[in-house]
1. Of the residues in region 87-128, how many are touching a His at 6+ places or on another chain (Cβ under 6 Å) and over 30 Å from residue 63 (Cα atoms)?
2. Pick out the one residue from 85, 73, 105 that is part of a strand (DSSP E or B) and over 15 Å from the mean Cα position of the chain (by Cα).
3. Restricting the first residue to region 31-59 and requiring it to be under 24 Å from residue 17 (Cα atoms), which pairs with a second residue that is surrounded by 14 or more Cβ atoms within 10 Å (Cβ to Cβ) and modelled with pLDDT under 80 meet a Cβ separation below 6 Å and a spacing of at least six or different chains?
4. Give the residue, chosen from 135, 111, that is over 13 Å from residue 167 (Cα atoms), surrounded by fewer than 14 Cβ atoms within 10 Å (Cβ to Cβ) and among the basic types (Lys, Arg).
5. Do the conditions hold for residue 13, that is, is it modelled with pLDDT of 90 or more, within 24 Å of residue 129 (Cβ to Cβ), outside any helix (DSSP H, G or I) and in contact with a Leu (Cβ under 9 Å, 6 or more places away or on another chain)?
6. Considering only residues that are farther than 24 Å from residue 13 by Cβ and either at pLDDT 95 or above or not in a loop (DSSP other than H, G, I, E, B) (or both), which ones fall in region 148-178?
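The values are calculated or read from the model by the stated rules, or taken from the named source; none is laboratory data. No experiment lies behind these values; they were computed from the predicted model shown. Positions of Cβ are generated from backbone atoms using ideal geometry, with glycine treated the same way; all protein chains shown enter the neighbour counts.
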Amino acid sequence: MQPISIPLSKTKILLLLAGAILFVVGGCWMLVKAPTVSNPVLSNIYVVRTVGVAAVLFFGLCAVYAARKLFSTRPGFVIDDFGITDNSGGISVGAIPWSDMLNITIMMAQRQKFIMIHVKNPEDYINKQTSFIKRKMMQMNHKAYGSPLALSANSLRTSFGELFNLLRDQFEKRNKPQ
């Protein structure tokens, strides 16, 4: 099989970067000049500062991720005879062989669609992560959705439906009874 390579969408990544920068600016504004409101919770300086710090840290990390992806020359996703190689998201796991895959399903979380890759050895994929944050995210995915491997088309130059259909077709070709 000729490998199928799906590039990263620089437009989608640029929009993600712009949004992240806006939220970092908003978080900085909350730290420097806390808004005055009549709501007792939102007028509490500690709540406002905590939200500001959280926004700067989280969206600052998102901005760094987006900037790195914006200049990446690697394809976002590759499908070949070996399996799939995911380089599209913040907790991408890299190569997933067809022989590890049990099923491919769609999962919805807060109006966002994800492709769940159910594998024989989920703990191996979790333990392979060197980043504490990525490992924890994968553990949460596994506990909540039955698999640590959640894929999105958000940063790819394809639609969610096209990616799912392509993955499903390739998976079914390799798992037909002989």
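1. 2
2. Numbers: 85 fails: over 15 Å from the mean Cα position of the chain (by Cα); 73 fails: part of a strand (DSSP E or B).
After applying the criteria, what remains is 105.
3. 48/34
4. 111
5. Details: modelled with pLDDT of 90 or more: yes; within 24 Å of residue 129 (Cβ to Cβ): yes; outside any helix (DSSP H, G or I): no; in contact with a Leu (Cβ under 9 Å, 6 or more places away or on another chain): yes.
Judged against the criteria, residue 13 is not a match.
6. Going residue by residue through region 148-178, those that are farther than 24 Å from residue 13 by Cβ are 168-178.
Across region 148-178, the qualifying residues are 168, 169, 170, 171, 172, 173, 174.
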